[in-house]
């Protein structure tokens, strides 16, 4: 059985998740083809090799060809009407639903729809759908994570205001998942990353047995910090 183990020694975001799998051997051009033929609004997706802390890594760059903010129901409709198989649609919709519910709770909003702020852009759609598509293309059956590190002691930008770390939506999404708090002024885990963890969490890593490593990949975040290596490591292998 094929397994992916994500070593979140720094943190986790949707683009880092996707980039680490490409770095570990996923055919980027096949991934790009599948995303491009899915019927999503105009976007571009590219990759580049960089170095962080002396470690070669892959970075994924996603850009919208026109500026637009999507609501939860708009994202839902785009995924449902896409040409992707149900094996991709179902977990993608579940991840978006969890993300929207968490955001609605922390903002005290009700109703079926939710207007995302920064998360309403096309890169969120590609991060989430791309993550599930990548696992499908690699035939990954189980996903495990190291203990998730959350930073406290700092703030992050949320629209025109600053909110304390960890982000409120991240905390809601990561309930019942093993966590470790560290004193750092950075956003280690983004809401998109937390939503993916919630949907893919297969249980404690103690359940891993006879794990055989096939490949290792490093995904780079979009921000380069002066004293920290902003990378996500994935180990692909086979186990019982």
### Query
Of the residues 201, 181, which single one is in contact (Cβ under 8 Å) with a residue 12 or more places away in the chain, surrounded by fewer than 23 Cβ atoms within 10 Å (Cβ to Cβ) and closer than 26 Å to residue 27 by Cα?
201
## Note on the structure
The condition from (1) modelled with pLDDT of 90 or more; (2) surrounded by fewer than 18 Cβ atoms within 10 Å (Cβ to Cβ) that residue 159 misses is numbered (1)
### Message
Condition first: within 21 Å of residue 182 (Cβ to Cβ) and assigned to a loop (DSSP other than H, G, I, E, B). Can you find one or more residues in the range 14-27 that meet it?
### Response
no
### Task
Return only the number of the condition from (1) crowded, with 19+ Cβ neighbours inside 10 Å; (2) in contact (Cβ under 8 Å) with a residue 60 or more places away in the chain that residue 142 does not satisfy.
(1)
#### Entry: Leading residue by the ranking (modelled with the lowest pLDDT) among those in the range 174-188 that are closer than 23 Å to residue 95 by Cα and assigned to a loop (DSSP other than H, G, I, E, B)
187
### Task
Residue by residue through the range 29-49, note down the ones that are surrounded by 13 or more Cβ atoms within 10 Å (Cβ to Cβ) and in a strand (DSSP E or B).
43, 44, 45, 47
### Message
With the requirement that a residue be more than 22 Å from residue 43 (Cβ to Cβ), modelled with pLDDT under 75 and assigned to a helix (DSSP H, G or I), what does the range 103-125 give you?
### Response
107
### Task
Go through the range 65-102 residue by residue and tally those that are within 19 Å of residue 18 (Cβ to Cβ) and part of a helix (DSSP H, G or I).
15
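Matching residues to (1) touching a helix residue (DSSP H, G or I) at 6+ places or on another chain (Cβ under 6 Å); (2) surrounded by fewer than 20 Cβ atoms within 10 Å (Cβ to Cβ); (3) more than 17 Å from residue 131 (Cβ to Cβ); (4) touching a residue at least 40 places away in the same chain (Cβ under 8 Å):
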site	(1), (2), (3), (4)
1	no, yes, yes, yes
4	no, no, no, yes
7	no, yes, no, yes
24	no, no, no, yes
56	no, yes, yes, yes
75	yes, no, no, yes
80	no, yes, yes, no
92	yes, no, no, yes
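The values are calculated or read from the model by the stated rules, or taken from the named source; none is laboratory data. Note that the coordinates shown come from a computational prediction; the quantities given were computed from them, not determined experimentally. Neighbour counts run over all protein chains shown; Cβ positions are idealised from the backbone, glycine included.
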